[in-house]
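What follows is a set of notes on a single structure, which appears directly below.
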Amino acid sequence: MHLFASLPLTLLLLLLPLLAFAAEDYYKILGLDKGADDRQLKKAYRTLSKKYHPDKNPDDETASQKFVEIAEAYDTLTDAETRKIYDQYGHEGVKQHKQGGGRPGGGDPFDLFSRFFGGGGHFGHGQRRGPDMEVRIHVPLRNFYTGADHDFKIEKQVICEKCEGSGSEDGHRDTCHKCNGQGMIIQKHQLMPGIFQQMQMQCDVCGGKGSTIKHKCKTCGGARVVRSEEQFDLAIEKGMPKGARLTYENEGDESPDWVAGDLVVHLHERDPELGADDSERTDGTFFRRKGLHLFWREVISLREAWMGDWTRNLTHLDGHIVQLSRKAGEVVQPGHVEIIEGEGMPIWRHEGNGPSHGSLHVEYVVVLPDQMDKNMQKDFRGVWEKWRKKSGVDLHKDSGRPDPTHDEL
Ligand SMILES: [Zn+2]
Ligand SMILES: [Zn+2]
């Protein structure tokens with residue numbers, strides 16, 4: 001409240017617009033509005049600091065600058081006191097508060113980063129790297145056809161936010177009294193009189209960490225990490241192959257001791273099922289995919305197969321209609337496969353000329369009537385006899401097998 005008290009009012013009025021231009025708004029840097037809560041702040045910091053980390057943007061000055069700004073913005077807004085000052089007096093207010101013996105500045109942005117992600121604040125070489133995490137996600141075939149955006153959640157190990165990975169309630173760690181901070185102890189065994197074996201062992205008091213905690217963090221119980229369910233965005237691209245791998249860099253299990261490995265998602269096709277809503281109940285459920293091509297089985301009646309004169313509307317995976325038809329007199333043989341170009345799977349990341357889709361293979365299955373009454377039999381037989389004599393095919397002669405030379409009896 002005393003910040004600008006010493007400045008003449010006119011000077012203050014001149015100064016304010018200047019200050020507004022000098023540095024960008026902290027909320028804007030984090031992409032948040034003024035009402036953002038702690039969780040949103042943390043989430044924004046996590047996403048942005050990783051995106052603009054200098055290790056990921058080598059030789060990019062703008063990114064480095066952004067990385068520092070993001071750390072500064074988060075550091076200011078995450079503290080209730082400095083946030084209040086910032087909301088009221090802006091950048092200059094915070095600066096004066098810090099100079100005036102308030103909370104010391106955030107200091108090293110890499111330090112802040114390591115509290116979130118471990119690994120000493122760097123992704124660089126020489127850092128220990130945690131294991132990659134692999135998950136399988138099954139999505140319906142229609143998602144591979146149209147492309148889709150989904151959310152998914154996985155449970156993973158994250159650095160405890162409460163103690164920022166220290167494991168300590170008060171942030172304080174004591175040097176281990178047994179190993180003096182070495183994490184290792186030397187044990188002497190007597191093998192024979194006068195002959196000793198020296199063995200280096202992990203310190204059993206501190207578990208090799210070199211330090212102990214008096215007041216353990218209540219959230220993680222001193223483990224420094226907790227299990228947490230995290231949400232990710234799953235962007236399925238049109239025509240992605242089955243088993244496609246999507247890598248989420250450094251989103252594997254976190255630990256203060258390492259740089260998080262990657263989260264790798266394997267995209268698989270969900271078994272066909274009849275869904276609950278209309279879009280899922282389309283014929284699309286019955287398409288099968290083989291690489292670029294789609295396969296479909298169409299059932300037609302004997303009359304249709306034989307006489308033609310029919311039309312079918314096939315609802316494709318995205319809801320568009322593919323029409324199948326035969327003119328009167330066009331015969332379809334059972335098992336016949338009709339290939340329709342351009343109605344298969346979209347070609348993944350297709351560019352330029354050339355076909356953009358594979359083909360659709362329609363296999364015809366002919367169903368014979370399961371009933372035939374006496375008169376019907378007579379009628380059909382009459383028709384058949386008439387036409388067999390005229391233009392029937394002799395199946396035996398056609399088969400090329402030798403004639404039977406004599407009767408058995
Ligand atoms: Zn903790
Ligand atoms: Zn120890």
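Per residue, the convex hull spanned by the Cα atoms of region 39-187 amounts to 218 cubic angstrom.
With the convex hull drawn around the C-alpha atoms of region 274-404, the volume per residue stands at 211 Å³.
The amide H of Thr212, built 1.01 Å from its N in the peptide plane, has Asp174, Thr175, Cys176 as neighbours under 5 Å, considering only residues 5 or more places off or on other chains.
Per residue, the convex hull spanned by the Cα atoms of the chain amounts to 382 cubic angstrom.
When +1 charges are put on Lys and Arg Cβ atoms and -1 charges on Asp and Glu Cβ atoms, the dipole computed for region 274-404 relative to its Cα centre reaches about 680 debye. Note on Val365/Leu292: beta-carbon distance plugged into 1/(1 + (r/R0)^6) with R0 of 25 Å gives a FRET efficiency of 0.60. Given their separation in residues at 0.36 nm each and the Cα-Cα distance between them, Asp149 and Gln99 gain 13.3 nm when the chain is fully extended. DSSP beta bridges fully contained in the chain are about 75 percent antiparallel.
Name the helices (complete DSSP H segments) of the chain with a Cα length along the long axis of 15 Å or more and a Kyte-Doolittle mean of at least -1.0, or state none. Answer set is 9-22, 61-77. Principal axis analysis of the Cα atoms in region 18-95 yields extents of 36, 31, 17 Å, listed in decreasing size. Per-residue packing, averaged as other Cβ atoms within 10 Å, sorts the ranges 155-164, 196-205 into the order 155-164, 196-205, beginning with the highest. Given a Förster distance of 25 Å, report the FRET efficiency between Lys218 and Glu134 from their Cβ-Cβ distance, rounded to the nearest 0.05. It comes to 0.15. Shown in residue order for region 191-204 are the 3J(HN,Hα) couplings computed by the Karplus curve 6.51 cos²θ - 1.76 cosθ + 1.60 at θ = phi - 60°: 7, 9, x, x, 10, 10, 10, 9, 10, 8, 10, 5, 5, 7 Hz (x for Gly and Pro).
With a simple spin-label model that places each label point 7 Å from the Cα along the Cα-to-Cβ direction, the separation between Ile340 and Lys56 comes to 4.3 nm.
Here the extension length gained between Asp318 and Ser64 equals 87.1 nm, from 0.36 nm per residue of separation less the Cα-Cα distance. A Cβ-based charge dipole, computed about the Cα centre of the chain with Lys and Arg at +1 and Asp and Glu at -1, lands at about 680 debye. Each residue of region 333-344 was assigned a 3J(HN,Hα) from its phi angle through the Karplus expression (A = 6.51, B = -1.76, C = 1.60, θ = phi - 60°), giving 6, x, x, 5, 10, 9, 9, 10, 5, x, 10, x Hz with x at Gly and Pro. Distance from the Cα centroid of region 311-367 to that of region 106-156 is 40 Å (rounded to whole angstrom).
Farthest toward the positive end of the dipole of region 232-370, out of Gly308, Leu294, Val264, is the Cα of Gly308, where the dipole comes from beta carbon charges about the Cα centre.
Based on Cα coordinates alone, diagonalise the gyration tensor for region 339-384, multiply each eigenvalue by 5, take square roots, and list the semi-axes in whole Å, largest first. Over the Cα atoms of region 339-384, the ellipsoid semi-axes are 48, 10, 4 Å. Taking Cα centre as origin and charging only the Cβ of basic (Lys, Arg, +1) and acidic (Asp, Glu, -1) residues, the dipole magnitude of region 135-245 rounds to 360 debye. Summarising the label geometry, the points placed 7 Å from Cα in the beta-carbon direction at His350 and Lys242 lie 2.0 nm from one another.
A Förster distance of 60 Å, applied to the separation of the beta-carbon atoms of Asp394 and Thr47, puts the FRET efficiency at 0.20.
Taken together, the values in this text are just the output of simple stated rules run on the coordinates, not laboratory data. Predicted model, so just to flag it, every value in this text is computed and none were measured. Heads up, the Cβs are rebuilt from the backbone with ideal geometry, glycines too, and the neighbour counts pull from every protein chain shown.
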